[in-house]
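Asks: Before I ask anything, here is the structure I am working with.
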Amino acid sequence: MRGVAMKAGYWLAGVLALAAVDVQARTPTATTSAADAATMAARAIASQQALDPGAAAAVVYDVSFPNAVHHEAQVTATFRGVPPGPLRVQMARSSPGRYAIHEFAKNVYDVTARDGAGRALNVGRNDPYGWSVAGHDGTVVVTYTLFGDWGDGTYAQIDATHAHLNMPATFLWAPGYEDKAIRVRFRTFDPRWKVATQLPAARDAGTFWAPNFQYFMDSPTELSDFALRQWPVTDAKGRTQLVRLAVHHTGSEADVDTFAAKAQRVIAQHYALFGQAPRYDYGTYTFIADYMPQIAGDGMEHRNSTIITDQRPLRAANFAQINTLSHEFVHSWNVERLRPAELEPFDFTRANPTPSLWFAEGFTQYYGPLMIRRAGETSVDDFLAGLGSTLSAVVNRPARRYGGPEEMSLRAPFVDAAKAIDQVNPNIYVSYYPYGAMIALALDLQLRQRGLTLDAYMRHLWTTMGDPERKYTPADLERGLAEVTHDAAFAKAFFDRSVHASALPDYAPLLRQAGLVLRPAAATRGWAGLTMVADDGGVAVGETPWPNAPAYAAGLERGDIILSLDGMVASDPAAMRAMLAAHRPGDRIAVRYRQRGIERSATLRLAVDPTFELVRGETAGVAVTPAQMAFRTGWLGQ
């Protein structure tokens with residue numbers, strides 16, 4: 001095992017669920033206590049193992065990786081107490097946190113079965129999603145091979161460095177066993193591998209358990225030689241719980257220390273926002289981080305954990321992974337407990353849509369960067385650059401004419417990592433992530449006009465619906481706003497305009513309260529609305545232009561080959577962009593292009609670039625009053 005040096009208060013566990021603790025003390029920090037963490041670890045072990053369902057669990061999984069280098073796992077599932085008749089076992093078609101269909105059964109093969117006495121059973125298959133096992137004696141033992149080589153928050157990736165397992169992508173299940181306790185044993189490919197999971201530890205080494213099917217399927221697991229940092233956190237209510245960070249990466253231990261310190265400062269702002277921590281079921285919250293070159297970038301929330309992935313090493317990315325960490329941690333309140341009615345309980349046989357993703361994902365998108373800013377981990381200027389870019393994109397997006405944030409939320413099954421053969425019109429959809437974030441911005445600034453804050457609204461929703469875990473509908477969100485503002489008319493008007501419909505407010509005066517200026521990003525530059533990319537030594541149109549763009553009016557489409565612009569032969573996208581940037585609004589430019597084998601000519605009449613940016617008044621040469629500065633500080637932090 002590779003030696004790991006850690007600060008006091010951080011621990012290397014034989015399994016992440018605290019089954020064994022090996023401490024190497026280094027310089028203590030002001031925010032962590034080795035004694036506190038050790039005490040909490042001991043209590044967590046005792047609490048988890050006291051509830052261990054033991055050998056009586058109705059469902060038992062055994063997972064090994066004899067062919068990990070070729071991305072295969074061997075899984076055995078044992079079902080006890082099977083009623084007379086065939087037992088159906090199947091793979092999920094969806095996954096918690098995803099809203100589209102994902103056909104996990106495609107990666108399962110070599111399925112065999114036997115009964116409790118070891119006799120072979122026939123395995124039938126009448127549909128693509130599952131198998132039927134008949135002739136059993138009340139026990140069915142199914143063994144299969146799983147292929148997995150896509151590492152993100154949805155699928156499974158298995159290789160010589162790790163096993164990155166999302167449970168719906170890994171384990172078949174049997175209808176009728178949803179309320180039964182589950183045990184799972186992981187047999188590691190490499191003796192250095194440890195187990196990172198929100199599943200509580202069982203008494204046997206390498207073994208974990210879940211109280212039911214829903215919790216098990218919501219518990220992603222990483223097996224690798226990861227670095228572990230953990231620290232106790234006490235919220236405003238005096239509740240102390242453990243936060244754990246498991247990082248599988250190619251960098252140094254010093255990089256993990258730096259990242260963990262950033263994470264501590266950022267998540268402290270999350271606790272301040274909501275006023276208290278969620279009640280983590282087993283006293284812990286786990287960040288499972290994979291920063292490896294073979295991984296796919298992603299973030300996926302779960303009840304007491306999250307998966308965060310990035311191909312870049314921490315330091316090479318300047319620790320930008322803190323953005324995903326912050327976003328996903330907001331979800332431990334918003335989505336995991338403050339939860340849309342349509343997502344509870346999760347149905348693994350179909351897509352799980354809800355009209356409230358503008359709130360569940362969009363408000364989370366708003367708060368993720370804001371928590372980083374309040375923690376001092378990004379500058380005001382950098383925060384405003386990101387906020388302004390998002391605001392400009394949402395305000396200018398033509399897709400809003402086709403629906404508001406609720407309509408865009410219901411389109412999630414078509415876009416959330418979903419795949420289709422046919423092309424989709426890109427101008428009819430704007431993601432509920434940035435769209436909802438800008439709804440949150442609008443509401444926050446309007447509430448601050450009234451001496452209130454969006455923070456107060458979120459805390460109210462948390463205490464009335466999140467902490468008691470009472471699922472909500474859009475009407476509940478509107479009612480909560482009326483309760484916070486004591487103004488039902490304001491709440492109704494806001495929801496009618498900007499949630500049920502697609503109207504957005506004039507952001508300029510709202511942002512002026514904080515001494516911020518919205519201004520054109522390129523007022524004197526001509527705009528064609530034309531994206532260009534290299535294509536086999538030439539230049540192609542990269543994206544379908546917006547309907548209000550000159551390029552759209554000229555008939556240009558995604559994939560068209562540009563032959564010349566303003567008389568210049570198109571051979572280099574950068575040169576074409578530079579040429580366009582030298583023109584002014586109103587200029588007319590000839591364009592020749594080839595569209596599906598036919599050469600065409602048109603004229604681009606350049607318009608004013610609609611892109612705008614958000615800057616401090618000081619940057620724009622505008623005086624900022626003490627009142628505006630106080631407003632800004634109250635919103636963005638010192």
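The values are calculated or read from the model by the stated rules, or taken from the named source; none is laboratory data. For clarity, every value in this text was computed on a predicted model and none was experimentally measured. FYI the Cβ positions are ideal-geometry reconstructions off the backbone, even for glycines, and counts take in every protein chain you see.
Asks: Look at the stretch 113-130 and say how many of its residues are farther than 30 Å from ILE307 by Cα and touching a Leu at 6+ places or on another chain (Cβ under 8 Å).
Replies: 3
Asks: With the condition kept exactly as written, say whether any residue in the stretch 552-562 is within 30 Å of VAL380 (Cβ to Cβ) and surrounded by 14 or more Cβ atoms within 10 Å (Cβ to Cβ).
Replies: Narrowing the stretch 552-562 to residues within 30 Å of VAL380 (Cβ to Cβ): none.
Scanning the stretch 552-562, I find no residue that is within 30 Å of VAL380 (Cβ to Cβ) and surrounded by 14 or more Cβ atoms within 10 Å (Cβ to Cβ), so the answer is no.
Asks: Go through (1) assigned by TED's automatic domain parsing to the domain that holds ALA113; (2) polar (S, T, N, Q); (3) surrounded by 24 or more Cβ atoms within 10 Å (Cβ to Cβ); (4) in contact with a Lys or Arg (Cβ under 9 Å, 6 or more places away or on another chain) for THR197 and report which single condition fails.
Replies: THR197 satisfies all of (1) assigned by TED's automatic domain parsing to the domain that holds ALA113; (2) polar (S, T, N, Q); (3) surrounded by 24 or more Cβ atoms within 10 Å (Cβ to Cβ); (4) in contact with a Lys or Arg (Cβ under 9 Å, 6 or more places away or on another chain) except (4).
Asks: Just wondering, is there one or more residues in the stretch 315-326 that are surrounded by 24 or more Cβ atoms within 10 Å (Cβ to Cβ) and either without any contact (Cβ under 8 Å) to a residue 24 or more places away in the chain or of a type in the set (Ser, Thr, Tyr) (or both)?
Replies: Yes, that holds for at least one residue.
Residue by residue, here is whether (1) free of Cβ contacts under 8 Å to residues at least 24 places away in the same chain; (2) in a helix (DSSP H, G or I); (3) over 16 Å from the mean Cα position of the chain (by Cα) holds:
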residue: PHE363; (1), (2), (3): no, yes, no
residue: THR378; (1), (2), (3): yes, no, yes
residue: ASP382; (1), (2), (3): yes, yes, yes
residue: LEU387; (1), (2), (3): no, yes, yes
residue: SER392; (1), (2), (3): no, yes, yes
residue: ARG400; (1), (2), (3): no, yes, yes
residue: SER409; (1), (2), (3): no, yes, no
residue: LYS419; (1), (2), (3): yes, no, yes
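The rows are residues; the columns are (1) within 27 Å of MET300 (Cβ to Cβ); (2) in contact with an Asp or Glu (Cβ under 7 Å, 6 or more places away or on another chain).
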position: GLY97; (1), (2): yes, yes
position: GLU103; (1), (2): yes, no
position: VAL108; (1), (2): yes, no
position: THR112; (1), (2): no, no
position: ASP115; (1), (2): no, yes
position: ASN122; (1), (2): no, no
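Asks: Okay, moving on. Counting only residues that are over 15 Å from GLU72 (Cβ atoms), give me the strands (runs of 3 or more DSSP E) lying completely in the stretch 119-188 with at least 2 of them.
Replies: Numbers: elements: 123-127, 130-133, 139-147, 162-165, 182-186.
Counting at least 2 such residues, we get 123-127, 130-133, 139-147, 182-186.
Asks: With the condition kept exactly as written, say whether any residue in the stretch 288-295 is within 18 Å of the chain's Cα centre (by Cα) and of a type in the set (Val, Ile, Thr).
Replies: Yes - at least one qualifying residue is present in the stretch 288-295.
Asks: Looking at (1) buried (at least 19 other Cβ atoms within 10 Å of the Cβ); (2) in contact with an Asp or Glu (Cβ under 6 Å, 6 or more places away or on another chain), which is the one condition that is false for ALA296?
Replies: For ALA296, the exception is condition (1).
Asks: Now, a different point. Select from the stretch 599-629 the residues that are exposed (fewer than 15 other Cβ atoms within 10 Å of the Cβ), small (Gly, Ala, Ser) and outside any helix (DSSP H, G or I) and list them in ascending order.
Replies: Listed by number, the residues that qualify are SER601, GLY621, ALA623.
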